[in-house]
Amino acid sequence: MEFRVDRQALADAVAWAARTLPSRPALPVLAGLLIEASDGSLSLAGFDHEVSAQAVLTGEDVTVAEPGRALVPGRLLAEIVRSLPPHPVDVALKGSEVVLTCGSAEFGLLPLPVEDYPALPEPPAHAGTVPGDLFAAAVAQVTPAAGRDDTLPMLTGVRLDIDGATMRMACTDRYRIAARELTWTPADPAFTAGVVVPARTLADTAKAIKPGAEVTLDLAGSGDVLIGVSGGGRSMTTRLLDDQFIDYRSRLTGTWTTTARVRVAPFTEAIKRVALVTERNTPVRLAFTPGEVRVRAASGDNARANESLPALLDGDDIDIAFSPQYLLDGLAGIDTEFARLQCTAPTKAALLSAVPDKSDDDHATDTGEDTGFRYLAMPVRI
């Protein structure tokens, strides 16, 4: 095995493939990164029996002098590549070493037994494609609401529902629900699926997809045990979680007695400022009255904060309190000028959504339209 590769392209590929490497591998070979060089392409892959990640380099980024494969310590390779000077990298299997040369720097790595490395899982059948930027944005909107408690696996996942050209994503940690609906291009217009994907894996994958790349989903449908996501020369597979999930869609609709609209940027900044005086589990209170929302918080007798912002109100006045981080997570998913908050009572869940951008005059009336993103949060009892 011998090849020359662009240093930055190699660093990006190694970083992607090494993300799956376990810190405490059950088998020593699972700490390795699999390097495979063939005519005109270079593949780097990692696998921990749950998640696989593979990066493929082609074209001007790599020149293969001799095809071959080797398994090298993955974390060490990642650290070495990050520290290399900005010169092409030559890699060759010489005797009992894999030798990396970059400028005047040379490293020799002792390879792991490649014959003991497990075969990478084959992704399921091609299901369809979605623009990478849209996919990444949708995943970023919902995953903050995913649970962190591994004893409840369902809550640590992203529920992915597909019905023809409509894709829905949702996460919940029992105290809030974040959901996004978007349009994608299925390979089969009649394709349907309902699966739960580990949220952390999907979030990491979405962040790493190159901007402008088209994302391909490989999924056989409901009942499958594996999903594949690929785009821009990067691909991953992961085992699915149990597909049981709450009926979240019915909870995102209702009859609301109060609807408030407020500009996202100043509202976000006000919450951050007021939250400076809060301690752990201290809520931020929102008092909506015609033309105004008052944001306030207090930390016992130590400090207090109060700030008022313009707001458009339809319906009853309301004074409601939330965890400041829950509010900020929901507002971070809104990329329009105005957010809409719909409530029925200070003790019942409230719905946050994005108001499609219009001219200022059009915001005087609310048609109820949204951008497909909805965020339901339970208030804190005052």
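Quick note: the coordinates plus some simple rules give every number you see, no bench work behind them. Please read these numbers as outputs of a predicted model, since none were measured by experiment. Heads up, the Cβs are rebuilt from the backbone with ideal geometry, glycines too, and the neighbour counts pull from every protein chain shown.
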Whichever aspartates and glutamates have a C-alpha closer than 18 Å to that of Lys207, once near sequence neighbours (fewer than 8 apart) are set aside: Asp12, Asp133, Asp329, Asp335
Separation in nanometres of the label points that stand 7 Å from Cα toward Cβ, at Lys210 and Arg304: 5.7 nm
Highest to lowest packing among 297-303, 54-60, 282-288, scored as the average C-beta count within 10 Å: 282-288, 54-60, 297-303
Inter-label distance for Glu122 and Glu279, nm, one decimal - labels placed 7 Å from Cα along Cα-to-Cβ: 6.0 nm
Options Val81, Ser41, Leu93, ranked by Cα towards positive dipole end of the chain, top entry (Cβ charges): Val81
Full-extension gain in nm, Asp247 to Asp316, via 0.36 nm per residue minus C-alpha separation: 22.0 nm
Matching label, P(r) over Cα pairs in 20 Å bins from 0, in percent computed from the structure shown, candidates [x] 25, 45, 26, 4; [y] 26, 55, 18, 1, 0; [z] 27, 50, 21, 1: [x]
Under 24 Å from Lys272, Cα to Cα: lysines that are on another chain or at least 8 residues apart: Lys348
Label-point gap, in nm, between Asp39 and Arg200 - each point 7 angstrom along Cα→Cβ: 4.2 nm
